[in-house]
1. Using the 10 angstrom Cβ neighbour count as an exposure proxy, how do Leu79, Leu68, Leu73 rank, fewest first?
2. Using only helices, what value at 222 nm comes out for the chain when you add -39,500 (n - 2.57) per DSSP H run of length 4 or more and divide by the total residues, to the nearest 500 deg cm²/dmol?
3. Dipole magnitude of segment 9-71 about its Cα centre, charges +1 at Lys/Arg Cβ and -1 at Asp/Glu Cβ only, in debye to the nearest 20?
4. Just Ser127, Ser40, Ser66 to compare: in a GNM of the chain, with alpha carbon springs under 10 Å, which one fluctuates most?
5. Any idea how far apart Ile52 and Ala26 come out in nm if each label point goes 7 Å out from Cα toward Cβ?
6. State the antiparallel share, in %, of DSSP beta bridges confined to the chain, rounding to the nearest 5.
7. Please give the helix 3-19 orientation as an angle from the longest Cα principal axis of the chain, in degrees from 0 to 90, rounded to the nearest 10.
8. Counting other beta carbons within 10 Å of each residue's own, what order do Met54, Met118 fall into, fewest first?
Amino acid sequence: MPKKDEIAGIAQAREILARAGLRTTAARTAVIRWLQSAKSPATHADIAVDLIPMGFDKATIFRNLSDLAEAGLVTRTELGDHVWRFELRDEAHAGRAQHPHFVCIDCGTVTCLHEIDMPAASQKSISKVGKVTEVLMRGHCVACG
Ligand SMILES: [Zn+2]
Ligand SMILES: [Zn+2]
């Protein structure tokens with residue numbers, strides 16, 4: 001990664017933390033930077049694999065993920081396999097359900113569907129039932145189908 005991008009990435013991570021009123025720590029910055037580069041929700045184990053060699057232990061990474069989730073910076077998603085997956089919250093979706101996810105029932109690949117939004121009419125009828133926190137679609141991905 002070019003040095004300039006790395007510095008910009010760290011500055012951005014610090015800004016995200018400052019806006020949420022969280023103290024900047026090396027572990028928090030590392031977790032946010034990791035999530036910024038992720039293309040789909042990741043498990044604690046996925047993140048730990050990369051951050052442990054940087055000197056952070058599993059418990060620290062987990063605690064920081066929980067702190068970030070509590071502060072609303074990170075969403076925790078459970079896609080039916082009883083594993084929590086974490087991703088940065090879309091700023092454009094503040095106060096609404098996050099983007100839907102597509103899960104391949106063959107290979108387990110999770111894809112973010114950023115461009116799919118819940119139509120306003122559906123949101124209204126769903127609100128009678130409850131508050132949607134997760135929209136999940138299942139099927140066969142292009143590679144498996
Ligand atoms: Zn698949
Ligand atoms: Zn996603």
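1. Numbers: Leu79 17, Leu68 24, Leu73 20.
If I rank by nearby Cβ atoms, fewest first, I get Leu79, Leu73, Leu68.
2. Details: 5 runs with 58 residues, N = 145.
-12500 deg cm²/dmol, from helical runs alone.
3. Numbers: 8 positive and 6 negative charges, 32 e Å.
Around 160 debye, computed over segment 9-71.
4. Checking each option, the largest mean-square fluctuation is seen for Ser127.
5. 1.8 nm
6. Details: 10 of 14 bridges.
Beta bridges within the chain, antiparallel portion: roughly 70 percent.
7. The angle comes out near 70 degrees.
8. Numbers: Met54 10, Met118 14.
Ascending number of Cβ neighbours within 10 Å: Met54, Met118.
Taken together, the values in this text are just the output of simple stated rules run on the coordinates, not laboratory data. Every value quoted in this text rests on a predicted model; they were computed, and no experiment measured them. Neighbour counts are summed over all protein chains in view; Cβ atoms, including those assigned to glycine, are modelled from backbone coordinates with ideal geometry.
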